[in-house]
């Protein structure tokens, strides 16, 4: 019996969408107001889902406390109240679009989830825009 | 790296569930109070999701502004503040159940999404009832 | 100890904003797309709040089951799956704006709430637009 | 055209996570504060989704009223305002974790959904923790 | 400039509505299924609001971190994952209706909020039922 | 009949909480991680409420389209996708705490609301923290 266990979390961060190797004009034409050189920001909401067999002894697929602590240690501690472009090394040379952020988060969490389990991450950049990544 | 990008939108509309070729009694027995000849209505909430590869240059699967404009042009402009049965030609001979509406919306948007990308539409008729269509 | 007890409810309805004694042009200029002669509709969400003393015996200000039944009998039964302009006599000569609807609802419920208690009604026409009435 | 129809429902219940065959110490170390012998409780929110072909006659996959009645009869009537460990026989010898509850609910509903249709159940234990089961 | 600062929090608890000095029949007739002797439970959501002058130095009315810690120390630590009737002394002789709980919470927090400030507590027993207390 | 009309809006922005005339140490001790010199950010959600008499002719207190346009012109255009500290002159010498932001917003909107009407602004900095200002 494979069940999916999902946990919501959140972090607040500043970011700017642009490429260093493009002119300001080109960045403006592609990223519009998201290219503000002084940054803007979001309350990112996160849903991390792990799918696996129910452990017959405990009745858990994964203890949601463990899942919550993993998110806190590996994502919230690095991303919360940070400037993604400046403070988070993963985005030094990677444009912090929602798509790229969700892949970075998935890659950070994957090593801590058992191989037999599947991992999916949903990231809300705003209440109206969100992205989903399940790995390859 | 295939990522799903989702955008929420909404429109307000009136509708009535019934078949012209059925008697009032039969329509009442199947569609109940949804068969009010004077119509009732909903705030339809829409989640449109596009799945594809991240463009390495921009970091986008699809610019959410483009997705939002597509929804506005092809769905909101035709459906918002309308009577689905009377004002929207797609429902002249098609009962505007949530199931039929979500398929109509998917078919209207599909030509504007690249072939290599997948499209899914979720339609909330009320906060408690919703439908999902991913194509065939 | 005066405490406020609030109950959420909902009804789905069609309506049209216009005045019979105005021309179509004037109605269009004031009510815009809300003046669609074929109607549009909403999922109206309602929050009914009653403020009074806690009854020392029961620990209730008002049994929320009683409040819920009052809303069902006097509001939902008359408004749900209806066309407000056509099916609800209160709006035969009253434009069913959110402001007018919330006052009508308040007046319908007030006789059933004890005189020593205060009544407030909040009406969401959409998740983004709502109105509040507390009586005079 | 396969479409998914989803319906939200809810029930309020008390429960305790523990195994009778484990010591209090072991139960505490695995289930933490969820092992309170006096129980704690939740507002469980439920999303039941049925996927199937649209019936060409009615435009329905399944009448949401029928789906809603099935949930009421088979889930809400047995679980709402109950102590899952004490009042619900399914959990006499089964730890009422969210994972086990969602499988029990799926198994209770499955016989009433046509074989050609798929069933998925999502169960929110809190607004931040939820589980999903689609059968085997 | 008086501004209100609000903070959301939550706790999960079991409870039963009844009076020890009433018969089972009378308790059933007044409290219905809330009188289950084996208890039921809720995810209580809490909004604590403090109104006062903005401190010209900090720009804060109250540091939301301090408000959050007060709620954690005085409410969540005593109520979360507890049986209100059995584990919380305040309800030994007080029926834990939402109305009585919100007054107890207000009384527990009031001593820690400056006298010049106003305190309001909103308590959601379910997403559809909530109560509000502002003191006397 | 005085009714309150409320409209939700939103803007995304970066900010930093600190005083230029304080040392980094003092700023850290008072504002904690909100004092990140590289900024962080939020999806600010706004509820603007206007209370007044219903106009007997239109049935409106204020056309919600007019209210929505006022918020767009005077708040969203200046604040959305901006760095509040750097891009918004109001905060050059004013710490952009939620309390100060909500007062600034209220002051910007007040001149455009008729004198006989009351104005209230609620500002969500996160889904869990919000502030309310009604003027003096």
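Descriptive notes on the structure:
- Using the Cβ-Cβ distance between residue D:22 and residue D:53 with R0 = 60 Å, the FRET efficiency computed as 1/(1 + (r/R0)^6) comes to roughly 0.80.
- 7 Å along Cα→Cβ, label-point gaps from residue E:111 to other copies, nm, shortest first: 4.9, 5.0, 5.0, 5.7, 7.2
- Rg in Å to one decimal, and Dmax rounded to a whole Å, for the range C:2-133 via C-alpha atoms: 16.6, 60
- Average Cα contact separation per residue, chain D, under 8 Å, 6 or more apart, as relative contact order %: 31
- Likely footprinting exposure, F:16, B:110, fewest C-beta neighbours within 10 Å first: B:110, F:16
- Ellipticity at 222 nm from helices only: DSSP H runs of n ≥ 4 in chain E, each -39500 (n - 2.57), divided by the residue count, give -6500 deg cm²/dmol.
- Partner chain coverage, peptide C:95-103 - average Cβ within 10 angstrom: 6
- The angle separating the long axis of helix F:98-109 from the principal Cα axis of greatest extent in chain F is about 40 degrees.
- Residue exposure sequence - E:105, B:54 - by fewest surrounding Cβ within 10 Å: B:54, E:105
- When only alpha carbons are used to place a centre, the range C:45-62 and the range A:10-52 end up 47 Å from one another.
- Pair-distance distribution P(r) for the range F:55-136, from all Cα-Cα distances in 5 Å bins starting at 0: 3, 13, 21, 25, 19, 11, 5, 2, 1, 0 percent.
- Among F:117, A:24, the order by Cβ neighbours within 10 angstrom, fewest to most, reads A:24, F:117.
- Across identical copies of the chain, residue B:21 has label-point separations of 4.8, 6.2, 6.2, 7.1, 8.2 nm, listed in ascending order, with the point defined 7 angstrom from Cα along Cα→Cβ.
- For the segment E:128-136, counting C-beta atoms of other chains within 10 Å of every residue's C-beta and taking the mean gives 6.
- Within the protein assembly as shown, DSSP assigns beta bridges of which about 95% are antiparallel (rounded to the nearest 5).
- Working note: Cα gyration tensor of the protein assembly as shown, eigenvalues times five, square-rooted, sorted largest first, giving semi-axes of 35, 35, 33 Å.
- Calculated label separations, residue F:32, copies of the chain, 7 Å along the beta-carbon direction, nm: 1.9, 3.5, 4.1, 4.1, 4.8
- For the peptide F:6-12, the mean number of other protein chain Cβ atoms found within 10 angstrom of a residue's Cβ is 5.
Values in this text are rule-based calculations from the coordinates and carry no lab data. These numbers come from a predicted model, not from an experiment. Note that we place each Cβ from the backbone using ideal geometry, even for glycine, and neighbour counts take in every protein chain shown.
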